[in-house]
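Visitor: Pasting in a structure now, in structure tokens, and then I'll have a few things to ask.
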Amino acid sequence: MNKPAKPIRIIVVGGGITGLSAAHRLIELSEEHSIPLELVLLEADSRVGGVIRTIQHKDFLIEAGPDSFLTEKPWAISLCKRLDLLEEIQKTNPTNRRVLVARGRRLIPAPAGFQMLAPTKLPTLLSSPLFSWRGKLRIAMEPYIAQRKGGGDESLASFVTRRFGHEMLDRLVQPLVGEVYSADPEVLSMPAALSRFVDMESKHGSLIKALRRETKKSSNDDSGARYSLFSTFKDGMQTLVNALEAKIGPQRIQLGAPVSRVARAKSGGKNNGDWDVELKNGKTTHGDGVLIACPTYRAADMLKRSDYELGELLQAVPHASVAIVHFAFHREQVQHPLDAFGFVVPHSERRSVFACTFSNVKYTGRAPQDFVLLRAFLGGALDEDIIKRNDDALRAKARWDLETMLGIYGKPRFETINRYPRAMAQYVVGHLRRTSSIRQSLARKTGLEVAGCGFEGVGIPECVRDGERAAERLLTTLYKQRKENGETE
């Protein structure tokens, strides 16, 4: 393969997991194909990693952001293998692999075998105290409900009530899905967020029938969240960030470098590259290509002055805000047996906390012996205004909910709070059509890519995939352009 006469200069904007994965993949590709590469990663914050951050507080290991990733989806595991991190991966504890659901002041186990939207074991669901007998009869009718005709987009609320009834949605599906997407079920798009279940209905006519067939072929545990498929790292999720940062190298990373504008180069790209990247400090840097790995609304701010239509499409992807509050207690202060990985709270319960993880139960090494570490979530699309309250108010609301549900007395050893404003992309009805329009617009702009959780998945594996694929498209396009222009040796 002929090499470009001079290095291809690519600027990655954003040092979260998407941007880090993209930068790392660019380096891999340049080395694999002997393509000279000049790479710059610009990060507005004083650190890379975005929402991924592990904090060692005394003898506690605190995940300020995501605490795990799904191994069933291959992209994060593949990255870990290439980073030599497989030995650092830690699986969930083999016991207590279940989730509880709040009902009044009770915490009731989610029915065994329940997978996000539907049961694999109907008898366990029908015996659950979560539902009334009328609700159970409606759920049991699901195999006889005709599938939807005509296709098209549909909200989670419409899909679940159509197949299982309102009780299933309100008492179980909404809180379970809310823990993942922090979403409003009335507008969350099924094809965009939960296409697996749309496909089940299309192919089998019934989710219950489809899941029964799947479980006969699968050896997965029967916990509703399939917790055996979740993993973290022994020293926390920061391990992945640190490994990527080391591979990319500090010489390629510029911290404290917020970007205000990305546009075609005024010089026509003859000398410094085809793209100008303006920083908020007034400086401008140039590149042959730019990969924006930020929330879509930030990408919109960078692009809308030069491409109003694309900026509007990116701006239209809504985002929800979340706060995570950690509490550490002596074990004797907590009356609940903590015989699960945590609990979720239906919105109909009108509590401030919508989910809580028992961190030291889910993963070993998160708290000293005789202590518990609780991780409470507040906010989301259904309670966005609560994030506007001050830290003391948020901690008080979280603590009240945990005290009343877990039987906690006395003061915690410590409390921490982390806020994530507009951090969770919302895949509302029409999301696939919108992202298709964004991709079409980007395809007409040689040397520009936008990637992140606002497109095809909010989890770490999906962000890794989106960043890596954007990197592959960008470098391939730029190299092809150089070759067509005769700029290779």
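Visitor: Among bridges DSSP assigns within the chain, what percent are antiparallel (round to 5)?
Guide: Percentage antiparallel, nearest 5: 75.
Visitor: Something else: Please list 3J(HN,Hα) in residue order for the range 206-211, calculated via the Karplus relation 6.51 cos²θ - 1.76 cosθ + 1.60 where θ = phi - 60°; whole Hz, with x for glycine and proline.
Guide: Here the 3J(HN,Hα) series is 8, 5, 4, 5, 5, 5 Hz.
Visitor: Can you tell me the dipole magnitude for the chain around its Cα centre, using point charges on the Cβ only (Lys, Arg +1; Asp, Glu -1), in Debye to the nearest 20?
Guide: Dipole of the chain, to the nearest 20 debye: 880 debye.
Visitor: Separate question: If neighbour count is taken as other Cβ atoms inside 10 Å, put H286, H336, H431, H330 in order from fewest to most.
Guide: Listed from fewest to most nearby Cβ atoms, that is H330, H336, H286, H431.
Visitor: Here's another thing I want to ask about it. Please report the orientation-averaged projected area of the range 111-221, defined via the convex hull of its C-alpha atoms, in nm². Each step should come with its number before you reach the end.
Guide: On the way: hull surface 26.6 nm².
For the range 111-221, the mean projected area of the Cα convex hull comes to 6.7 nm².
Visitor: How much length, in nm to one decimal, is gained on full extension between R196 and H330, taken as 0.36 nm per residue of separation minus their Cα-Cα distance?
Guide: Details: separation 134, 0.36 × 134 = 48.24 nm, distance 4.16 nm.
Computed gain between R196 and H330 is 44.1 nm.
Visitor: Compute the signed sum of charges (Lys and Arg +1, Asp and Glu -1) over the other residues within less than 11 Å, Cβ to Cβ, of A64.
Guide: Working: positive: R53, R375, R419; negative: E63, D67.
Overall, the nearby charge balance is +1.
Visitor: Let me have the 222 nm mean residue ellipticity of the chain computed from DSSP H runs of 4+ only, each contributing -39500 (n - 2.57), with the sum over all residues rounded to the nearest 500.
Guide: -10000 deg cm²/dmol
Visitor: May I ask you to list the GluC sites (Glu not before Pro) in the range 312-400 that are in a DSSP loop and have at most 14 other Cβ atoms within 10 Å of their Cβ?
Guide: none
Visitor: For a test of the definition: using alpha carbon positions, the gyration tensor, and the 1.5 limit on a/c, classify the chain as rounded, prolate or oblate.
Guide: It is prolate, given that a/c is not under 1.5 and a/b is the larger ratio.
Visitor: On to the next question. Hey, can you rank 66-76, 19-29, 159-169 by average C-beta count inside 10 Å, highest first?
Guide: Averaged packing, sorted descending, gives the order 19-29, 159-169, 66-76.
Visitor: To continue, here is another question. For K73, give me every one of the lysines with a C-alpha distance below 25 angstrom, ignoring sequence neighbours fewer than eight places off in its own chain.
Guide: Candidates past the 8-residue exclusion: K81, K91, K121, K203, K209, K216, K217, K234, K247, K362.
Visitor: How would you rank 446-455, 143-152, 404-413, highest first, on the average number of other Cβ atoms within 10 Å across their residues?
Guide: Details: 446-455: 25.5, 143-152: 10.7, 404-413: 15.6.
In descending order of packing, they fall as 446-455, 404-413, 143-152.
Visitor: Determine, for each peptide in 195-201, 295-301, the mean count of other beta carbons within 10 angstrom over its residues, then list the peptides with the highest first.
Guide: Final packing ranking: 295-301, 195-201.
Visitor: Local charge sum around A157 (other residues, Cβ-Cβ under 11 Å, Lys/Arg +1, Asp/Glu -1)?
Guide: Residues close to A157 contribute a combined charge of -3.
Visitor: Name the residue from H166, Y144, L188 whose Cα lies farthest towards the positive end of the charge dipole of the range 111-221, charges +1 on Cβ of Lys and Arg and -1 on Cβ of Asp and Glu.
Guide: The Cα lying farthest towards the positive end belongs to Y144.
Read-outs: derived from the displayed coordinates by stated rules, not from any lab. Everything quoted here is computed from the prediction, not taken from an experiment. Note: ideal-geometry Cβ built from the backbone for every residue, glycine included; neighbour counts use all protein chains shown.
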